[in-house]
Each structure stands twice: as structure tokens, then as C-alpha cells.
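Below you'll find the structure, written out as C-alpha cells, and then a few comments.
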Amino acid sequence: MIELMVLPAWQAPPRVLDDWISQLGASSHRVEVSRESKNAVWLELPALRLRGYAVLEGQRVEAINFELNANDPAPALALIEAAAQALNWEVHEDEVDPEDDLDDED
């Protein structure tokens, strides 16, 4: 699995959830939205095996953590990059804690 953190670029205008849904849906893939809480929403594109956990502050999207599970993640990566660029956001590889990868063998 690949994880990406998507954040607003410096001085980017505020973006609402519908901005992201519109950009991701422009790919002609269906975007499913499920609210987890008042401040968190899952955006899922089943055809691409892509989902994003969006953190909200009121109506504004503060960050999205995308998870890519496809054998070939290239289409999902391209979609995220294009959407982020159109909205003036930045895509960063989510940093993995090296301790999480260690086996518990002694």
C-alpha cells in the first residue's frame, strides 16, 4: 500500500469537500463519500482502489491522507497529482515510522 499526504500549498485558497469531489470525479470514476465524524470524511474511488481520509475544519478541507491499494497505482497517483495541482495543493509521501517495519522477533 502507498500512502500520500495532501496539504494546501503556501497561500492556497481554502478548499471545501465539493472541490475535491469535483476534481476526483472529473476522471469519470465514481467518488463515494462516507462521513466518519463531524471533522472527518472518507473519499473512495473503488475502481482505482483509492481512498482518502479528509480532515475538515468546518467546511474547509485541511488535509487528506490517501491510501492506494491497486497492483498498478499509476492511474490513482496521476489522478491525485492532477487534482492537487488543480487545487493548488501539495502531495507528499506519508512518512512511515521505521519502528513499525521491525519484526517483533527476539
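The values are calculated or read from the model by the stated rules, or taken from the named source; none is laboratory data. No experiment lies behind these values; they were computed from the predicted model shown. Here the Cβ positions follow ideal geometry from the backbone for every residue, glycine too, while neighbour counts run over all protein chains shown.
At a glance:
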{"read-out": "Residue within segment 70-86 that is at pLDDT 95 or above, assigned to a strand (DSSP E or B) and either among the hydroxyl-bearing types (Ser, Thr, Tyr) or crowded, with 18+ Cβ neighbours inside 10 Å (or both) present", "value": "no"}
{"read-out": "Boolean, ARG30 is assigned to a strand (DSSP E or B) and either over 14 Å from ILE80 (Cβ atoms) or touching a Ser or Thr at 6+ places or on another chain (Cβ under 9 Å) (or both)", "value": "no"}
{"read-out": "Residues of segment 1-20 that turn out to be part of a strand (DSSP E or B) and either exposed (fewer than 12 other Cβ atoms within 10 Å of the Cβ) or among the acidic types (Asp, Glu) (or both), as a count", "value": "1"}
{"read-out": "Residue under evaluation GLU3, criteria (1) touching a residue at least 60 places away in the same chain (Cβ under 8 Å); (2) touching a helix residue (DSSP H, G or I) at 6+ places or on another chain (Cβ under 6 Å), criterion not met", "value": "(2)"}
